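In what follows, a structure is listed as structure tokens, so that the remarks can point back to it.
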Amino acid sequence: MSSIAHPRAPADLQRRRLCMGLPALALGGMLGGCASAPASRAAPAVAVAPGEVVPFSSAGADGGLPRGWAPYVMRRDLPRTQYQTCRQDGRTVLHAQGTGTSSGLQCQVSVDPVQTPWLRWQWRVNEMDARATIGDEDISDTPTRIIIGFEGDMSRLSFRDRLIFEQVELFTGHKLPFATLMYVWDGQLPVEHVRHHERTGRVRYLVAESGESQLRQWLSVERNVMADYQRVFGEAPGRISSVGVLTDSDDLKSPTEAWYGDIGFFGRPAGA
């Protein structure tokens, strides 16, 4: 992380080191952007099956969010990324922007990855800092992340992981899932690269997009979460308990802006 001019108290430093880079579930240059609107505006009721991911397109394009999506803040010492719905390319999408910010949105779900293993979403990034990479803890900003939380037998956690989970809950008020898989757009690492979190093996990254060649266009992404989880963690997954998005820029402090389309789970790949 960037150096701080004034000294920190030991407890604050411990909290900073612990939460740094954990799924934060924990801007200028509005090219093709959305009109500003209050993030607290109430959203209309959403008709989706229980446990499914609430689509962004179900909300009004007025800066509100669909009911079921809520802010997720791990670093309370940092300003929050601004998220709001807007109209773009004929549909309602989620717009994220910030400079030096770090926070996400999370939707609680209950999804069986055996029955619906195919995860689909769309995202768009117009500009990105090519230096940013999850491969370096000090510059691990990402313009977009899709964060999937999984249930599991907590008694299987190592002593180290249980200690980390307890400390995260103590410092942030959030309980980490048994396992977290993050699909990221990275500035340097190649697609399909897998990286473990520096502090716990229960949080792992998978690069779904890399570099600047696909900027300024909507990208459709489809992943077999069941297969990805087995490859990344070396075991079968439990139920999926949460889905989150994260756009962060707290390391390099570069203006960051992104858009997310609907996220959903399906029983078969597109076109099958």
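The values are calculated or read from the model by the stated rules, or taken from the named source; none is laboratory data. Values in this document were obtained by computation on a predicted structure and should not be read as measured data. Cβ sites come from the backbone with ideal geometry, for glycine too, and all protein chains shown count toward neighbours.
G51 falls short on exactly one of the conditions (1) of a type outside the set (V, I, T); (2) under 19 Å from W121 (Cα atoms); (3) in a strand (DSSP E or B), and that condition is (3). Checked against the criterion of being surrounded by fewer than 20 Cβ atoms within 10 Å (Cβ to Cβ) and touching a Pro at 6+ places or on another chain (Cβ under 8 Å), the candidates G60, G98 yield just one match: G60. Residue-level analysis places V221 outside the set of residues that are closer than 17 Å to E137 by Cα, of a type in the set (A, V, I, L, M) and assigned to a strand (DSSP E or B). Tell me whether region 228-236 contains one or more residues that are modelled with pLDDT of 95 or more, crowded, with 22+ Cβ neighbours inside 10 Å and in a strand (DSSP E or B). Scanning region 228-236, I find no residue that is modelled with pLDDT of 95 or more, crowded, with 22+ Cβ neighbours inside 10 Å and in a strand (DSSP E or B), so the answer is no. For region 151-163, the condition holds for no residue, the condition being that it is over 14 Å from the mean Cα position of the chain (by Cα) and modelled with pLDDT under 95.
Of the residues making up region 169-178, just one is surrounded by fewer than 22 Cβ atoms within 10 Å (Cβ to Cβ) and either in a strand (DSSP E or B) or modelled with pLDDT of 95 or more (or both), namely F178. Those strands (runs of 3 or more DSSP E) of region 102-168 in which at least 1 residues are among the charged types (D, E, K, R) and surrounded by fewer than 21 Cβ atoms within 10 Å (Cβ to Cβ), considering only elements entirely within it, cover 118-125. A search for C-beta distances below 8 Å between a residue of region 208-224 that is on the phi > 0 side of the Ramachandran plot and any residue that is surrounded by 15 or more Cβ atoms within 10 Å (Cβ to Cβ) and in a loop (DSSP other than H, G, I, E, B), counting only pairs 6+ apart in sequence or on different chains, returns G211/G187; G211/Q188; R216/N126. Only residues that are closer than 23 Å to Q167 by Cβ and part of a loop (DSSP other than H, G, I, E, B) were counted in region 54-101, giving 7.
Of everything listed in (1) under 24 Å from D262 (Cα atoms); (2) over 16 Å from the mean Cα position of the chain (by Cα); (3) at pLDDT 95 or above, the single unmet condition for D186 is (2).
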